Amino acid sequence: MKLRVLLFILLLAASISARDLLFPVPTIALEVGTQVGVDLGNYRDTATGDFTFKDVPGLIINLTGDSLFIEAEAGTSGYLPIGAALDGEHITLMAKVRPTEKIDFSFPAKKGLNQVYLMGNFNDWSRTSLPFKLDDDGVWRIPLFLRPGRYEYKFVADGAEILDPANPDSVANGLGGFNSLLSVGEQNKPQPGLFVKTSFAKSADEATIYYKFNPAAPDESVSADNIWILFNNELLPETSWELSGGDLLVQLPESYSDGLLRVCGVNTSGELLRENHLLLSGGSPLSPDTQPGDWHFAVIYSLIVDRFYDGDPDNDNPVVDADLNPMANFQGGDITGIRKKLEEGYFSDLGVSALWISPIIENPQKAYREYIPPQRKYTGYHGYWPVKPRSVDARFGTSAELKRLTRSAHERQMAVLLDFVANHVHEEHPYFKDHRDWFGQLEMPDGTLNLRNWSGETMLTTWFDKFLPSFDYSSLEAVDAVTDDAVFWLREYNFDGFRQDATKHIPHRFWKRLRNKLRKELPETHYFQIGESYGSDALINAYVNPGELDSQFNFEIYFAGRWEFAGDDPDFRNFNRTVARNLDFFQPVNLMGTLTSSHDQVRFMGFADGQMKFDENGTERAFSNPPQTVIHPESYDKLFMFTAVNLSLPGVPVVYYGEEIGQIGANDPDNRRMMRFDDDLNPTEQAFKLRMSKLLHLRREHPSLSLGDLRVIYQDNSGTVWLKQYFDDTLILLFNNSSRLKSFDVPLDDYFTFTQGQSLLDRGMIIPVGNQLTVTLQPFETRIYSLK
């Protein structure tokens, strides 16, 4: 590229403050006819003034304070830069208009039927937000515009949930029933090509990033007219980059050292390309070599304190109650037990870099009976029933032991996240006794109890049980009290952040207030916060921004992966489409948490081993004939494959305690068995733990796993081949998700070529012959090679 002095004049003329006014605002995804809102206040950094926006043809833009509302008009498509001004500086936000397809749902009218609603993962399972209308033909109808993808849904007819009688396709919902299943769009249509980062060069006064466009088909191409490149919220002038054929070169002056570089584009067929993201730190690409503690390279280990290891039998104090099942009682795990395993090197040897510990706040001294049938008794062994705001439960340990744990972890470069409960308290809590106005009502206006109505209109008000009142955070006093408690736990015990329980059941004003307090009262540290919300991607993502949370759990990948690697009819093509959609929605570089199991779900090994069915009630199985031991050896390979997939995607992989040994189990509380170590493991479990350790260590050794560009170079229903590239760190991952030997014959081309590959899991190698790579995998085998 011919050096252009104009490049430096233009870029250096833009003041550094223009890049620092706002945190990078993600591309705003639009669909024709649907208004999308963005709270720009969540992205303010140093800016204090008002926004002003320019008109953009094809977009309807309205601004109220920091609330931006955008709607795409009919006929609008592609990427659209939106010019704006803030504090006297020019900024650019990006929007993209995604295609949708009109779907007509219908239900036959019946005598006495008064109302029908549509609910599904497209409206967060709201039971009333999408009403059908009865037409003149006596049919209930509702049209809906949906993006290409797979959707689960049900009808609600006079309060009763039913499957769509016109749709024969359904899928188990994991709660003992089924949902109707709908596929929208051409399922076998290949994803468009993408730009891949190939090399990086740095001099005294500039950085140069090289990309190569990898087309999905021979006739696919891109042109400079349909490329937009941004650094943070600044649209770079065309003099700063050059596209020649499929080769893209971007030059940045030295002052552009910390931030997000984005490449957006549309191919010549009008298809949106997946954005390419590059995080720069100190003028160089983010790397585990220079930033080993960055959360993009982390692996979190999730554990239930009471069920991990009993390091101090003197604090054991289970509840005495004849009606209490031992699975629902305290079993002795404690803070000292975690520290002992930490200092033995258990976690560092395993390859994890952060611990997420369940709540250690004081819980009630007796058992309580669950409201829903069969009304079993439980204790607060899990920690989620707080009775005091700032006390450590004596059954878990002391304040001094907790401080010793975090200090010991930090000495070993291990972060510790505390599970924080902000949605509710136990009825014995002084906040409920002394401030009843801080909490919502259990009884609804129609006399029914607002219990476990997780979605829709009751999402922010529902109680988890009759003895667990939920906060009503319309009270600013309540918001300040609980956010002050959160700051206390961080300051007093030196935690590195929180896993935030029941995120979607708490209003945004709470999360904003908490983040603001952390910045003002503890300004020297950025505290990582990962939330838990079941719902649509849009709902989950609404809480992930600089003003609220860093992350939430990526349940779309979890549920899709659970079915892919343990279901009866897996199809890697469907799974790859889910991954592509997920990368589009949460961005190709993100911090979303990926899971194989959790304390709220059936253990993956239960499904993989065929002992648990997706359509059965996992909690009932926990109390009657739960799976005891793994029967099929290939179940371990399925869990290994699922884990390898999670480790190969952006985000933060989470290992639920026991996954490293292939622990089997039903749902809560059977998925919370006491952890086993050393001589309590059989030879298969010991060998599997070694395999998992080798796999987990790769996350911090190879940045392509977390930050690399993903290209699917082969796929069919039973297997796929992925290529991950982050400059010169290039990995190929092969997955055989079938019970047979499988040979992969992958052609090499200008975009995929190498001389040899070294296995990262054993001592094997691959060498292509001519323009062909042929590799044969054992049943349910996973392989990962580093390419040269």
Checklist entry - So, in nm, how far is label Gln756 from label Ser624 when the simple model puts each one 7 Å beyond its Cα toward the Cβ? => result 6.0
Checklist entry - For a label point 7 angstrom out from the Cα of Arg98 toward its Cβ, which stretches of the stretch 561-584 have the backbone nitrogen within less than 19 Å? => result 561, 573-584
Checklist outcome for this item: Binned at 5 Å starting from 0, the alpha-carbon pair-distance distribution of the stretch 190-264 in whole percents comes out as 3, 14, 26, 26, 16, 8, 4, 2, 0
Next on the checklist: With an 8 Å Cα cut-off and a minimum separation of 6 or more residues, compute the relative contact order for the chain in percent.
Outcome noted: 10
Checklist entry - For the stretch 116-256, what class follows from the C-alpha gyration tensor (a ≥ b ≥ c being the square roots of its eigenvalues): rounded when a/c is under 1.5, otherwise prolate if a/b is larger than b/c, else oblate? => result prolate
Item to check | Burial order of peptide ranges 756-763, 706-713, 85-92 (average beta-carbon count within 10 Å, highest first) | outcome: 706-713, 85-92, 756-763
Checklist entry - How big is the antiparallel share of DSSP beta bridges in the stretch 279-402, given as a percent to the nearest 5? => result 55
Checklist entry - How high is the relative contact order of the stretch 728-788, in percent, with contacts defined as C-alpha pairs under 8 Å that are six or more residues apart? => result 53
Checklist entry - Excluding ligands and nucleic acids, what accessible area in Å² is computed for Tyr714 using a 1.4 Å probe, to the nearest 10? => result 70
Checklist entry - So how far apart, in nm, are the two label points at Gln772 and Asp569 if each is 7 Å from Cα heading toward Cβ? => result 3.4
Checklist entry - Just in the stretch 539-581: which trypsin sites (Lys or Arg not before Pro) are loop by DSSP and have at most 16 other Cβ atoms within 10 Å? => result none
Checklist entry - Taking a 20 Å limit on the Cα-Cα distance, which of the listed pairs Lys613/Lys689; Lys212/Lys788; Lys388/Lys512; Lys433/Lys520; Lys96/Lys212 fall beyond it? => result Lys613/Lys689; Lys388/Lys512; Lys433/Lys520; Lys96/Lys212
Next on the checklist: If packing is taken as the average count of other Cβ atoms within 10 Å, what order do 358-366, 631-639 fall into, highest mean first?
Outcome noted: 358-366, 631-639
Checklist entry - How many percent of the accessible area of the stretch 239-307 is carbon or sulfur, using a 1.4 Å probe? => result 46
Item to check | Per residue value of the accessible surface for the stretch 96-169 (all protein chains in place, 1.4 Å probe), Å² | outcome: 55
Checklist outcome for this item: Spelling it out for Ser718: with amide H atoms placed in the peptide plane at 1.01 Å from N, the residues 5 or more places away or on another chain with amide H under 5 Å from its amide H are Phe572
Checklist outcome for this item: Low-density loop trypsin sites (Lys or Arg not before Pro), the stretch 427-461, at most 12 other Cβ within 10 Å, DSSP non-H/G/I/E/B, are Arg452
Next on the checklist: Using a Cα-Cα cut-off of under 15 Å, which aspartates and glutamates could be cross-linked to Lys110, ignoring same-chain neighbours fewer than 8 residues away?
Outcome noted: Asp135, Asp136, Asp137, Asp158, Asp164
Checklist outcome for this item: Computed from every Cα-Cα pair in the stretch 466-569, P(r) in 5 Å bins starting at 0 and rounded to whole percents is 2, 11, 20, 21, 17, 12, 7, 5, 3, 1, 0
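If the only charges are +1 at each Lys and Arg Cβ and -1 at each Asp and Glu Cβ, what is the size of the charge dipole of the stretch 105-254 around the Cα centre, to the nearest 20 debye?
Using only the charged Cβ atoms, the result is roughly 800 debye.
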Item to check | Cα-Cα separations in the stretch 630-695 greater than 20 Å, expressed as whole percent | outcome: 29
Next on the checklist: Let me make sure I get this right: for the stretch 248-367, a, b and c are the square roots of the gyration tensor eigenvalues over alpha carbons, sorted descending. Under 1.5 in a/c it's rounded, otherwise prolate if a/b > b/c, else oblate. Which is it?
Outcome noted: prolate
Checklist outcome for this item: Between Leu522 and Gln413, Cβ-based FRET efficiency (R0 22 Å, step 0.05) works out to 0.60
Checklist entry - Around Phe744, which amide H atoms from residues at least 5 apart in sequence, or from another chain, sit under 5 Å from its own amide H, with H modelled in the peptide plane? => result Val775, Thr776, Leu777
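With viscosity set to 1.002 mPa s and temperature to 20 °C, compute the Stokes-Einstein D of the stretch 57-105, Rh being the Kirkwood radius across alpha carbon pairs; µm²/s, no decimals.
This corresponds to a translational diffusion coefficient of 168 µm²/s.
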Checklist entry - Taking the simple approach of a point 7 Å from Cα along Cα-to-Cβ for both Thr398 and Arg676, what is their distance in nm? => result 3.4
Checklist entry - Stretched out fully, how many nm does the piece from Ser170 to Thr128 gain, at 0.36 nm a residue minus the Cα gap? => result 12.9 nm
Checklist outcome for this item: Long-range amide H partners of Val319, meaning residues 5 or more apart or on another chain whose placed amide H is closer than 5 Å, are Phe330
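Can you tell me the FRET efficiency between Asp45 and Phe145 if r is taken as the Cβ-Cβ distance and R0 is 45 Å, rounded to the nearest 0.05?
Here the calculated transfer efficiency is 0.80.
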Item to check | Exposure ranking of Met612, Met674 by accessible area [1.4 Å probe, largest first] | outcome: Met674, Met612
Checklist outcome for this item: Computed Rg/Rh for the stretch 347-425 (Cα atoms; Rh = Kirkwood radius) stands at 1.07
Checklist entry - Based on the Kirkwood radius over alpha-carbon pairs, what value in µm²/s does the Stokes-Einstein equation return for the translational diffusion coefficient of the stretch 381-448 at 10 °C and 1.306 mPa s? => result 108
Item to check | Phi to ³J(HN,Hα) by Karplus 6.51 cos²θ - 1.76 cosθ + 1.60 over the stretch 595-610, Hz, x for Gly, Pro | outcome: 10, 10, 7, 7, 6, 10, 10, 4, 4, 4, 5, x, 6, 4, 7, x
Checklist entry - If you average the sequence gap of Cα pairs under 8 Å that are 6 or more apart and divide by the length of the stretch 640-709, what percent do you get for the contact order? => result 49
Checklist outcome for this item: Percent of all Cα-Cα pairs per 5 Å bin for the stretch 592-741, counting from 0 up to the last occupied bin, reads 2, 9, 17, 19, 19, 15, 10, 6, 2, 0, 0
Checklist entry - Rounded to two decimals, what ratio of Rg to Rh does the stretch 84-163 give with C-alpha atoms and a Kirkwood Rh? => result 1.23
Checklist entry - For Phe178 and Leu460, what is the calculated FRET efficiency with R₀ set at 25 Å and r taken between the beta-carbons, to the nearest 0.05? => result 0.35
Item to check | Label of the coordinate-derived value, Rg/Rh (Cα atoms, Kirkwood Rh), listed as (i) 0.97; (ii) 1.02; (iii) 0.95 | outcome: (iii)
Next on the checklist: Out of all DSSP beta bridges in the chain, what portion is antiparallel? Express it as a percent rounded to 5.
Outcome noted: 80
Checklist entry - Can you work out ³J(HN,Hα) from phi for every residue in the stretch 372-379, in order, using Karplus 6.51 cos²θ - 1.76 cosθ + 1.60 and θ = phi - 60°, giving whole Hz and x for Gly and Pro? => result 6, x, x, 6, 6, 9, 9, 10
Next on the checklist: Multiplying the sequence separation of Ala224 and His90 by 0.36 nm and subtracting their Cα-Cα distance, what value in nm do you get?
Outcome noted: 46.0 nm
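The values are calculated or read from the model by the stated rules, or taken from the named source; none is laboratory data. Because the structure is a prediction, the values reported are computed rather than measured. Backbone-built Cβ (ideal geometry, glycine too); neighbour counts: all protein chains shown. Please note that ligands, DNA and RNA were not included when accessible areas were found on the heavy atoms of the full protein model with its side chains. Shrake-Rupley method; radii C 1.70, N 1.55, O 1.52, S 1.80 Å.
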